[in-house]
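The values are calculated or read from the model by the stated rules, or taken from the named source; none is laboratory data. Computed from a predicted structure; not experimentally measured. Glycine also receives a Cβ, built like all others from the backbone with ideal geometry; neighbour counts cover every protein chain displayed.
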Amino acid sequence: MDYAVECRDIQMRFREGEGWRNVLRGVNLQIRSGELTIIAGPSGCGKTTLLSILGGALAHTGGTLDVFGRRLSSMRPSQMAGFRRRHIGFIFQHYHLVPALTAVENAAMPLIIAGTPAAKACAAARREFERLDIGHIADRLPKRLSGGQQQRVAIARALVHRPELILCDEPTAALDSRAGETVMEILKEIAAQESRAVIVVTHDQRVFSFADRLIELEDGLVIADHNLTRNKGADSAGQRAA
């Protein structure tokens with residue numbers, strides 16, 4: 001089977017004082033397209049570090065990482081930047097919207113940075129807004145948006161260039177329960193209907209039920225990998241038999 005992401009013995013250490021701190025100590029995992037995968041674990045377990053490595057924003061210090069069959073460690077910085085622009089979308093906890101730009105201008109930025117004319121980029125962003133049911137806020141500034149609306153703008157920005165891998169860092173942490181569920185429903189639909197690989201790093205147990213797979217990380221190691229789709233299927237079969 002071809003995987004969207006394959007990690008083999010991924011290690012990461014940082015200089016700390018006169019020594020080193022091992023944040024990731026040999027992570028092995030494979031991520032499939034068409035699934036929403038949640039990586040969970042306590043604060044400081046290495047979740048965000050792993051997400052940064054998967055997105056090519058941070059170079060690992062050991063092991064191998066392939067994303068869509070490309071060995072990231074073999075790429076030059078310019079190649080990595082181009083690869084990220086074409087294949088990877090990021091959704092952050094704190095939105096990172098530019099206050100002086102309208103919602104649609106914020107969402108269009110990945111295309112504009114890649115050289116797409118502004119009018120064409122904004123038109124593509126508006127199409128994403130309609131799909132996310134936020135077309136009516138396209139011309140508002142971020143300060144006039146609720147937290148849930150800002151997060152949907154951030155999702156549109158991550159999707160506008162049609163990436164195959166979507167990486168989400170605590171996307172529901174700043175949202176109430178209903179807004180968080182809406183965001184997760186959108187992400188799950190994107191994974192299932194468009195066969196994209198969606199990875200969500202979180203410690204928010206409220207959203208675990210949306211996952212196809214739940215990977216538990218602790219002290220820089222994968223300690224459990226749950227196939228929730230198979231478990232749900234078994235539960236449904238049991239209910240039918242009963």
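Mind counting the residues in the stretch 199-226 that are in a strand (DSSP E or B), closer than 20 Å to Glu189 by Cβ and touching a Leu at 6+ places or on another chain (Cβ under 9 Å)?
Within the stretch 199-226, residues that are in a strand (DSSP E or B), closer than 20 Å to Glu189 by Cβ and touching a Leu at 6+ places or on another chain (Cβ under 9 Å) number 5.
Find all pairs meeting these conditions: Cβ atoms under 6 angstrom apart; at least six residues apart or on different chains; first residue within the stretch 198-215 and over 16 Å from Cys45 (Cα atoms); second residue modelled with pLDDT of 95 or more and of a type in the set (Ser, Thr, Tyr).
As it stands, the answer is Ile199/Thr37; Arg213/Thr37, since those pairs meet every condition given.
Would you pick out the residues in the stretch 187-230 that are among the β-branched types (Val, Ile, Thr) and buried (at least 16 other Cβ atoms within 10 Å of the Cβ)?
Ile190, Val198, Ile199, Val200, Val201, Thr202, Val207, Ile215, Val222
Mind listing whichever residues of the stretch 15-40 are acidic (Asp, Glu) and surrounded by fewer than 16 Cβ atoms within 10 Å (Cβ to Cβ)?
Hits for the stretch 15-40 are Glu16, Glu18.
Search the stretch 114-126 for residues that are closer than 13 Å to Ala103 by Cα and β-branched (Val, Ile, Thr) and pair each with any residue that is crowded, with 17+ Cβ neighbours inside 10 Å and at pLDDT 95 or above when their beta-carbon atoms are under 6 Å apart and the residues are at least 6 apart or on different chains.
none
Checking the structure you have, find out if any residue of the stretch 27-46 is touching a His at 6+ places or on another chain (Cβ under 9 Å) and in a helix (DSSP H, G or I).
no
In the stretch 169-186, what residues are free of Cβ contacts under 8 Å to residues at least 40 places away in the same chain and either surrounded by fewer than 19 Cβ atoms within 10 Å (Cβ to Cβ) or assigned to a strand (DSSP E or B) (or both)?
Asp176, Ser177, Arg178, Ala179, Glu181, Thr182, Glu185
Return the only residue of Gly26, Gly56 being out of contact with any helix residue (DSSP H, G or I) (no Cβ under 6 Å at 6 or more places or on another chain) and of a type outside the set (Ser, Thr, Tyr).
Going through Gly26, Gly56 in turn, the sole match is Gly26.
Please specify each residue of the stretch 74-112 satisfying the condition of being part of a helix (DSSP H, G or I), more than 20 Å from the chain's Cα centre (by Cα) and either surrounded by fewer than 18 Cβ atoms within 10 Å (Cβ to Cβ) or among the charged types (D, E, K, R) (or both).
Ser74, Pro77, Ser78, Gln79, Glu105, Ile112
I'd like the full set of residues that are over 15 Å from Ile91 (Cβ atoms) and of a type outside the set (Gly, Ala, Ser), limited to the stretch 134-161.
His136, Ile137, Asp139, Arg140, Leu141, Pro142, Lys143, Arg144, Leu145
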